[in-house]
Structure formats: structure tokens, C-alpha cells
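The values are calculated or read from the model by the stated rules, or taken from the named source; none is laboratory data. Computed from a prediction, not measured in an experiment: that's the story for all the values here. As a convention, Cβ positions derive from the backbone with ideal geometry for all residues, glycine included, and neighbour counts pool all protein chains shown. Keep in mind that these areas ignore ligands, DNA and RNA; they rest on the heavy atoms of the full protein, side chains included. Shrake-Rupley method; radii C 1.70, N 1.55, O 1.52, S 1.80 Å.
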Amino acid sequence: MIGAGVVGFSMAWHLQRQGHQVTLIAPDLETKPGELSGSQAALGLLMAQVYRRSSGRGWRLRQQSLALWQQWRQELAERGHPIPGRSGLLQLATTPAELEAQERLCQQRQQQGLPLRMLTGDELAALRPALPEPCLGALSSPLDGQIDPQPALEAFRRDGITHGLQLVCQRVVQIRRAQENHDQRWCVELESRERLSARWLVICAGLSSPALLTPLGHERAQSPVLGQAAELQLHPDDWGSLNWPGSLSWDGINLVPRPQGRLWLGATLEPERTTPEAPCDHAVQELLNLKGHAPKWLQRSSVLRLWHGLRARPSGRPAPLLEVLEPGLILASGHYRNGVLLAPASALWAGEQIAAAESRG
């Protein structure tokens with residue numbers, strides 16, 4: 001397994017549970033928060049049932065992942081590795097078109113037996129702290145929500161190591177097909193010149209994936225997209241009355257309540273709005289003041305820290321890239337904005353591909 005983001009770690013953990021011996025390789029196994037990796041910048045929003053489509057691969061992956069996160073968190077908690085999370089998601093409509101789309105989606109989901117509903121004007125007015133404006137309406141999804149990415153990574157790591165997961169903190173220089181005693185295997189050459197081999201090789205390396213695959217003739221271009229986030233400390237008079245039904249999504253910005261009156265703000269900056277390496281001062285201020293619409297309670301909060309990270313977006317192909325490229329070679333990358341959400345379903349898919357191939361001999 002190459003790649004140590006939430007997709008790589010969750011996939012390694014899941015394959016272990018299926019009885020596979022797994023080695024996870026990545027140069028950033030000891031990455032600290034604030035450095036440029038997608039999982040480090042994620043807020044962990046689980047937007048599954050508010051997804052606008054009701055069929056297709058994207059819908060299926062989201063529903064699988066939402067159910068698996070519930071099962072996996074319970075299993076990991078029973079093993080002593082709890083993953084904090086918060087149920088509930090409130091999507092705010094800032095335009096009449098958004099409100100109309102929310103109302104249609106709400107009707108569709110209720111017909112499917114899912115508990116989404118539109119909040120009334122009185123319910124919105126009763127929420128504290130006050131919601132950002134403009135807010136023409138809001139769609140509440142109680143089964144969507146948020147999990148904390150860093151504790152999730154640590155839970156997969158610790159439980160994986162307990163059950164035999166091997167970690168190799170090195171950069172992969174090259175991958176190639178090898179043949180040992182008539183057994184087709186994959187050879188991984190590390191920066192130390194050490195070589196590892198395995199029957200199955202899974203690449204979850206995000207933006208580093210194309211450089212490994214191109215020499216093999218697999219063009220899977222991915223472009224960097226910047227995710228930025230901030231942690232704020234709210235004034236005691238504001239956070240003491242917080243009664244939001246979960247996290248908020250407002251005009252592309254996510255607001256996630258945290259313990260002790262803290263709040264996460266996060267957004268994905270498309271390439272035309274910033275450089276790939278770091279957000280500009282204007283983009284940071286736009287996040288902190290909600291594009292000039294920050295309520296008074298947000299204006300009097302204090303900034304505790306800022307961080308950012310790069311996310312991989314496939315070029316010319318839908319996200320994520322889930323493909324068996326050759327016998328024994330799996331690509332699971334390019335999750336774009338949904339790495340945390342789609343990690344369990346991606347792991348399930350990879351396990352199914354391996355099991356199906358092994359059953360065929």
C-alpha cells in the first residue's frame with residue numbers, strides 16, 4: 001500500500017481485517033498538522049444523504065461509506081480507539097435557486113424514507129449563535145455529520161500496528177512488474193534502494209500517484225486543489241448557547257463546532273482563486289469573515305490557528321479514481337473533497353477486487 005492519508009490507512013486496516021498481510025509505505029507517515037497533505041487539511045464532513053444525485057456510483061459510494069463509518073467507529077471504540085464525531089448537518093440556502101433545489105431534494109429523500117427535512121423560519125431564528133446571512137432556508141440531515149480526521153488516522157494506525165501492520169517511512173522511487181519463480185508480483189523500489197515485492201500493490205498516493213503510474217503507461221493526471229481551514233475560539237457568551245443541529249454548510253464554507261467553545265472553518269479553494277501552494281491573505285480573510293457576511297459573534301472570536309493542505313482532483317475523469325489498472329495493481333486516488341467520507345467505501349471496493357481476483361485464481 002502506497003499512501004498514508006485517510007484512504008490509505010483505512011484501506012490497509014480493512015484489508016488486514018480480511019486476512020491480508022499489509023505494508024504501508026509513505027514518506028509522510030510522521031506528517032504534522034499544517035503540512036501539505038489532503039487528510040491533514042480535512043474537516044471530516046460526511047455529506048452523504050444531502051448529495052444531490054439519487055443514483056450512480058457517487059450515490060452508492062456515499063451511502064456505503066456512511067453506514068461503514070458507523071460500524072467501523074463502533075468496532076474501533078470497542079478496541080480502545082474511539083474516533084470523535086458529531087451527528088447532524090445543516091445546509092443553508094443563500095439564494096432562491098439553492099432553496100428550491102433543497103426543497104426538491106428534501107421531497108426526494110423523504111420519499112426514499114430518509115429523515116431529511118426543511119427547517120421552518122421559527123426554527124432557524126431560534127438557533128444560537130445566529131446563522132450567517134443570507135439564509136433563505138436550511139435543509140437538515142440528521143444522519144450526515146462529521147468525524148475528526150486526525151483521531152481517525154491515529155485509530156487506524158494504532159489498531160493496524162496491533163494486528164501486524166508494517167509501516168515504511170520512505171519515498172517510493174519506482175514500481176514495476178517483477179516475476180519471481182513464475183509468480184507475477186509487483187516490485188517497489190524505495191529511496192534507500194531497498195526493494196519490496198508483493199502480489200498486490202495498492203496506490204493511494206494522491207498527487208504523487210501519476211509519477212508512479214506514467215512510466216507504466218497509465219496516464220491518470222491529477223491536479224492540486226487547496227483546502228484551507230481555521231480554528232477559532234468563540235466568546236463565552238456565544239458558545240454557551242450553541243444549539244445548532246450539527247455542522248453548518250454555508251456558501252461553500254463549512255462551520256464545525258468543537259469542544260470548549262471552539263469552531264472550525266474550512267473551504268476548498270479552486271485553482272482560479274489561489275495558488276496551489278498556499279492561500280493568499282485575501283483568501284484567508286475571506287474565509288475568516290465569511291466573504292464579508294460574518295455575524296457579530298464570529299467577528300469577536302479569536303483565531304487560534306490556520307492550516308491548509310493539497311487535495312488531488314482527477315483531470316478529465318470523475319472523482320475518485322477507483323481502478324484495477326493491471327492484474328495486482330489497484331489505484332484508489334483523486335478523492336478531491338471527499339477523502340474522509342469515501343475512505344470506507346473505497347476500502348470495501350478494493351477488498352472486493354482482490355477477493356474476486358483471488359477466487360478466480
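Numbers at a glance
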item: The chain: most fluctuating residue of A350, A41, A130 per GNM, C-alpha cutoff 10 Å; result: A130
item: Angle in degrees between helix 96-111 and the longest Cα principal axis of the chain, rounded to the nearest 10; result: 70 degrees
item: Percent RCO, i.e. relative contact order, over the chain, from Cα pairs under 8 Å lying at least 6 residues apart; result: 26 percent
item: For the range 59-152, with +1 on Lys and Arg beta carbons and -1 on Asp and Glu, the positive-most of Q91, L143, A125 along the dipole; result: L143
item: The chain - mean residue ellipticity at 222 nm from DSSP helices (-39,500 (n - 2.57) per run, n ≥ 4, rounded to 500); result: -9500 deg cm²/dmol
item: Residues of the chain: accessible area per residue with a 1.4 Å probe, Å²; result: 46 Å²
item: Test item: Cα-centred dipole of the range 263-352, Lys/Arg +1 and Asp/Glu -1 on Cβ, debye; result: 500 debye
item: Between helix 149-162 and the chain: long-axis angle, C-alpha atoms, 0 to 90°, nearest 10; result: 30 degrees
item: Percent carbon-and-sulfur accessible area, the chain, ignoring ligands, DNA and RNA, probe 1.4 Å; result: 49 percent
item: Cα centroid of the range 284-314 to Cα centroid of the range 155-171, whole Å; result: 33 Å
item: Length added when fully stretched, A178-L348, from 0.36 nm per residue minus Cα-Cα; result: 58.5 nm
